[in-house]
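The values are calculated or read from the model by the stated rules, or taken from the named source; none is laboratory data. Quantities reported herein were computed from a predicted structural model and do not represent experimental measurements. Neighbour counts run over all protein chains shown; Cβ positions are idealised from the backbone, glycine included. Please note that ligands, DNA and RNA were not included when accessible areas were found on the heavy atoms of the full protein model with its side chains. Shrake-Rupley method; radii C 1.70, N 1.55, O 1.52, S 1.80 Å.
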Amino acid sequence: MVVINSIFVLSCGISIVTIRTELEALEVEQLAEYAAKSCDSRGRLRAESPDVIRPSFHRDRDRIVHSKAFRRLKHKTQVFFSPSGDHYRTRLTHTLEVSQVARTIAKVLRLNEDLTEAIALGHDLGHTPFGHAGEKELNKLMPGGFNHYEQSLRIVEVLEQDRKGLNLTWEVRDGIAKHSKGKDGAPLGIELSRRASTLEGQVARVADMIAYVNHDIDDAVRAGVIGVSDLPVRLLEELGQSSSERIGTMVSDVVNETLASLPDVELRMSNGTLNALLKLRSFLFEAVYENTTATAEFQKASDILGGLWDRLHERPEPFLDKRTIEFEGMDTAVCDFVAGMTDRYAVETYERFFIPRPWVSLEAGKAEV
Ligand code: MG
């Protein structure tokens with residue numbers, strides 16, 4: 001039996017329809033004309049047989065969830081370094097909230113939810129330990145610079161599966177590569193070269209910002225870095241008093257504006273809501289991300305990464321990947337290793353390298369008399 005263009009062809013020459021081909025046909029029937037269809041994907045980096053059950057974007061989503069880099073997000077900082085409370089976001093829960101917001105928008109616009117979710121779940125895989133402080137430090141250390149979205153792409157294309165990569169479809173990789181906005185970038189309406197080619201990728205980009213602006217305010221209030229009374233009153237009046245109300249306002253705005261703009265194929269947001277969202281982000285940068293109290297521990301985090309960077313260059317074994325050292329150089333091998341660390345693994349490794357362990361007597365264990 002062989003598989004040709006999503007249909008099983010038995011050795012006797014008879015073709016049979018698979019569950020996947022039925023699901024692909026449902027996509028064509030039910031999704032909007034402007035949605036990305038699995039059967040029209042530009043394909044993978046390496047050719048491989050399609051799955052019997054899952055269309056390609058669904059398969060990509062599953063590959064991301066099963067990746068090691070995805071599991072590590074659990075112990076990576078979102079905003080607050082290793083907070084003691086159980087209710088603070090981590091990079092993993094941020095990712096799940098982005099995925100939820102993105103799926104809601106995709107569902108209402110009749111876009112491909114599997115593709116949207118795959119991009120949302122994969123967008124932050126390349127984040128360093130210690131959040132943006134870690135990214136800033138690695139950007140200084142790595143010749144040529146470093147940013148998390150390029151590293152997310154490197155993880156899915158090269159590093160996962162013992163350097164075989166996840167072999168994801170072009171559309172998922174395109175969405176991951178173009179999700180980042182930085183401090184001043186707009187979530188939508190950007191020039192074509194920086195815009196995801198699919199609407200699903202554009203949804204993941206705007207959902208990232210809707211999610212983090214709202215949950216970071218929630219965490220900053222929880223942490224006592226800001227009080228509810230510090231939040232800009234006019235913006236709350238416009239967007240909603242609670243996180244839930246604000247997310248609802250933003251999601252409805254994206255959906256309504258985009259539907260009103262059809263047959264254009266660009267994600268839209270009204271000027272009023274977009275400006276309010278951007279102002280809320282500016283407020284967060286000033287009051288939280290660059291707040292000296294909230295970021296006091298981050299200087300130490302930067303020192304840890306600097307120390308690890310130097311020591312790993314001196315002592316690459318047993319930590320670094322020999323193939324990366326040979327083909328791409330020591331800096332890239334160190335950068336991959338450090339960027340992949342969770343917060344706690346970075347601290348543990350730093351302690352192992354630089355902090356002397358308490359002496360344990362050789363006689364320990366013998367009964368004292
Ligand atoms: Mg993100």
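Pick from region 205-228 the residues that are more than 16 Å from the ligand (Cβ to nearest atom) and part of a helix (DSSP H, G or I): which of them is modelled with the lowest pLDDT? If you could, list the steps in order and put the result at the bottom.
First, pick out the residues of region 205-228 that are more than 16 Å from the ligand (Cβ to nearest atom): 220-228.
Those still in the list that are part of a helix (DSSP H, G or I) too: 220-223, 228.
On the way: A220: 91, V221: 92, R222: 90, A223: 87, V228: 92.
Among them, the one singled out is A223.
In this structure, does T128 turn out to be within 26 Å of G248 (Cα to Cα) and within 15 Å of the ligand (Cβ to nearest atom)? Can you show your working first?
Values: within 26 Å of G248 (Cα to Cα): no; within 15 Å of the ligand (Cβ to nearest atom): yes.
Judged against the criteria, T128 is not a match.
State yes or no: is R246 in contact (Cβ under 8 Å) with a residue 40 or more places away in the chain and within 24 Å of the chain's Cα centre (by Cα)?
Details: in contact (Cβ under 8 Å) with a residue 40 or more places away in the chain: no; within 24 Å of the chain's Cα centre (by Cα): yes.
So R246 fails the test.
What is the one condition in (1) over 17 Å from the mean Cα position of the chain (by Cα); (2) within 16 Å of the ligand (Cβ to nearest atom) that G43 does not satisfy?
Of (1) over 17 Å from the mean Cα position of the chain (by Cα); (2) within 16 Å of the ligand (Cβ to nearest atom), only one is false for G43: (2).
If you go through region 48-71 one residue at a time, do you hit one that is within 16 Å of the ligand (Cβ to nearest atom) and closer than 26 Å to E348 by Cα? Explain how you work it out, then say what you get.
First, the residues of region 48-71 that are within 16 Å of the ligand (Cβ to nearest atom): 64, 69-70.
Going one step further and asking which of them are closer than 26 Å to E348 by Cα, we end up with 69-70.
Yes, because at least one residue in region 48-71 is within 16 Å of the ligand (Cβ to nearest atom) and closer than 26 Å to E348 by Cα.
Name every residue in region 162-190 that is of a type in the set (G, A, S) and away from the ligand (no atom under 16 Å from the Cβ), in order of residue number.
Matches in region 162-190: G165, G189.
Would you check if there is a residue in region 33-41 being open to solvent by less than 50 Å² (accessible area, probe 1.4 Å), free of Cβ contacts under 8 Å to residues at least 40 places away in the same chain and of a type outside the set (G, A, S)? Reasoning before the result, please.
First pass over region 33-41, keeping only residues open to solvent by less than 50 Å² (accessible area, probe 1.4 Å): 35-38, 41.
Then drop every residue that is not free of Cβ contacts under 8 Å to residues at least 40 places away in the same chain, which leaves none.
Checking region 33-41: not a single residue is open to solvent by less than 50 Å² (accessible area, probe 1.4 Å), free of Cβ contacts under 8 Å to residues at least 40 places away in the same chain and of a type outside the set (G, A, S).
Could you identify the single residue in R42, R72 that is of a type in the set (D, E, K, R) and assigned to a helix (DSSP H, G or I)?
On the way: R42 fails: assigned to a helix (DSSP H, G or I).
Checking each option against the conditions leaves just R72.
For C12, state whether it is at pLDDT 95 or above and more than 26 Å from R154 (Cβ to Cβ).
no
Identify all residues within region 209-242 that are open to solvent by 10 Å² or more (accessible area, probe 1.4 Å), closer than 26 Å to I190 by Cβ and under 24 Å from the mean Cα position of the chain (by Cα); write none if there are none.
Once the filter is applied, which keeps residues that are open to solvent by 10 Å² or more (accessible area, probe 1.4 Å), closer than 26 Å to I190 by Cβ and under 24 Å from the mean Cα position of the chain (by Cα), region 209-242 yields only Y212.
List pairs: first in region 96-108 and within 10 Å of D208 (Cα to Cα), second hydroxyl-bearing (S, T, Y), Cβ under 7 Å, 6+ apart or cross-chain?
Listed pairs, sorted by first residue: A102/T116.
Report the residue count in region 303-334 for those that are within 17 Å of G165 (Cα to Cα), within 24 Å of the chain's Cα centre (by Cα) and part of a helix (DSSP H, G or I).
Counting residues in region 303-334 that are within 17 Å of G165 (Cα to Cα), within 24 Å of the chain's Cα centre (by Cα) and part of a helix (DSSP H, G or I) gives 3.
Counting only residues that are within 11 Å of the ligand (Cβ to nearest atom) and open to solvent by 50 Å² or more (accessible area, probe 1.4 Å), how many does region 97-124 have?
Final tally of qualifying residues: 1.
Please list, ordered by residue number, the helices (runs of 4 or more DSSP H) wholly in region 97-159 having 1 or more residues that are touching a Ser or Thr at 6+ places or on another chain (Cβ under 8 Å) and farther than 27 Å from E24 by Cα. Write out each step before concluding.
Numbers: elements: 113-122, 131-141, 148-154.
Helices (runs of 4 or more DSSP H) meeting the threshold: 131-141, 148-154.
Listed residues S197, S193; which is surrounded by fewer than 22 Cβ atoms within 10 Å (Cβ to Cβ), without any contact (Cβ under 8 Å) to a residue 40 or more places away in the chain, part of a loop (DSSP other than H, G, I, E, B) and more than 15 Å from the ligand (Cβ to nearest atom)?
On the way: S193 fails: part of a loop (DSSP other than H, G, I, E, B).
Result: S197 is the single residue among S197, S193 that is surrounded by fewer than 22 Cβ atoms within 10 Å (Cβ to Cβ), without any contact (Cβ under 8 Å) to a residue 40 or more places away in the chain, part of a loop (DSSP other than H, G, I, E, B) and more than 15 Å from the ligand (Cβ to nearest atom).
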